[in-house]
Amino acid sequence: MSQPVVSISSCPTYNESRLRHSLEEVVRGCGGLEQFLCRGERVLVKPNMLAHSRAGGAVTTHSAFVRVLIEILQEAGARVYVGDSPGRGSTESVAQSCGIRDVADKTGAVLLPFEEGIEVEYDSASVCRTFFLSREALEMDLVINAAKLKTHPLTGLTGAVKNCMGLIVGAEKKKLHARYPSVYDFAEMLIDLYLLSKPVLSIVDAVVAMEGPGPRSGRPRPLGVIAASEDAVALDAVCAALAGFSLPEVSTLMAAQKRGLAGSSLENIIIRGPLPGELRDKGFDKGASGRGWSFLWRIFPAWSRNLKERFRPWPCIEDSCNRCGICREHCPTGAIYDWNKGFENSKPFIDYKECLRCYCCQEICPQGAVILRPRRPRQR
């Protein structure tokens, strides 16, 4: 089995000249664009465009990062497109809020809304054989995965592998949460999706990452790193080490290890650039899902998976809720409602008998009003 290569470069700022140096460095470390790209090919840059956010909020891949990447690809002769299927809002509106619309206008890249899903079969799947992938993405010659490093309550970490979720159109993402409610089944599904879509190159924006209650309500945390690889699993393993995560704390890496993928273990990865230990941020807040499981895994490996599933945190809606109804709209099981059957006069209510703990409500809440608690709240 060949060893995957991950290329790392220090990048302390979103200054465009510094970004260019670091992006060119990590691409060279992966063999150079000429290894992936022929002149005239249509290349999709697939950033993380989760929801409406300002460029510096660490919710989305930074617009300056996307701009410099587009320019490098264009100079290599690519016809560049930019697209994603946001968790909330249209591609156009999210791109406008985070600055990527402006980047597309200035570079001449085409902004693609992912509107039509095409059913694609994956015969080698572990759990999910059918995905509805964006027709627009499938029509591209190449996909370059431009991810953002953030915490996530379900997977522990969202990076290159989970960024492939944006290739699935609209409400189909919600259906996958309902079909695979457990942490590890969902992670297995994500690995199936990644192996099916397989971007030619993945690059992670960890210049400023997100810690704490990510992937939307966390805090920006400067890490000063850009990393790239042909192998998104290996890239996530290195990024996890940079942020202080162990293997059991990232469910997609656990699923990849179960599948025998070489990139799931740091020992199998060739790292070009600074080593993760040299760059590791020991004070990184890993959020609710990344605490304590490494120790349990070392002592009780057969039990810790079931324990982690049982003691996953529960979402709770705080008084800062402005009753916008977005959580109810995105809940896969319809477990969120209110006593008066309308959000005008009462705070939303979660029926915990129906709650999957998929954390879609926490992920999508624009107010950060959904927090995670270790114990199941009492039902009224």
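Every number in this text was worked out from the coordinates using simple rules, so none of it is lab data. On a predicted model such as this, the values are computed, not experimentally measured, just so you know. All Cβ positions, even for glycine, are placed from backbone atoms using ideal geometry, and neighbour counts span all protein chains on display.
Here is how the numbers come out for the structure above:
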item	result
The chain: relative contact order in percent, alpha carbon pairs under 8 Å with at least 6 residues between	18 percent
For the chain, diffusion coefficient by Stokes-Einstein and Kirkwood Rh (Cα), 20 °C, 1.002 mPa s, µm²/s	103 µm²/s
Per-pair calculated FRET efficiency, R0 = 22 Å: Ser124 and Glu92 via Cβ, rounded to 0.05	0.05
Neighbour-count order for Leu196, Leu235, fewest beta carbons within 10 angstrom listed first	Leu196, Leu235
Too-long pairs where the Cα-Cα distance tops 21 Å, listed order kept, from Lys148/Lys198; Lys46/Lys106; Lys106/Lys150; Lys198/Lys258	Lys106/Lys150
Alpha-carbon centroid distance for the pair the stretch 5-33 / the stretch 68-94, whole angstrom	18 Å
Helix 183-197 vs. the chain, principal-axis angle (Cα, 0 to 90°, nearest 10)	30 degrees
Ascending count of other beta-carbon atoms within 10 Å, so fewest first, for Tyr14, Tyr352	Tyr352, Tyr14
Convex hull volume per residue for the stretch 313-373, taking Cα atoms only, in Å³	74 Å³
Estimated FRET transfer efficiency (Glu75, Ser265; beta-carbon r; R0 41 Å; 0.05)	0.70
Computed magnitude of the charge dipole of the chain (debye, nearest 20; Cβ of K, R +1, Cβ of D, E -1)	1580 debye
Rounded, prolate or oblate (a/c below 1.5 giving rounded, otherwise prolate when a/b exceeds b/c) for the stretch 7-91 by Cα gyration tensor	oblate
Angle in degrees between helix 63-75 and the longest Cα principal axis of the chain, rounded to the nearest 10	30 degrees
Sorted by Cβ density within 10 Å, fewest first, the residues Phe284, Phe349, Phe311	Phe311, Phe349, Phe284
Sites excluded, GluC sites (Glu not before Pro) in DSSP loops with at most 14 other C-beta within 10 Å, longest stretch of the chain	140-317
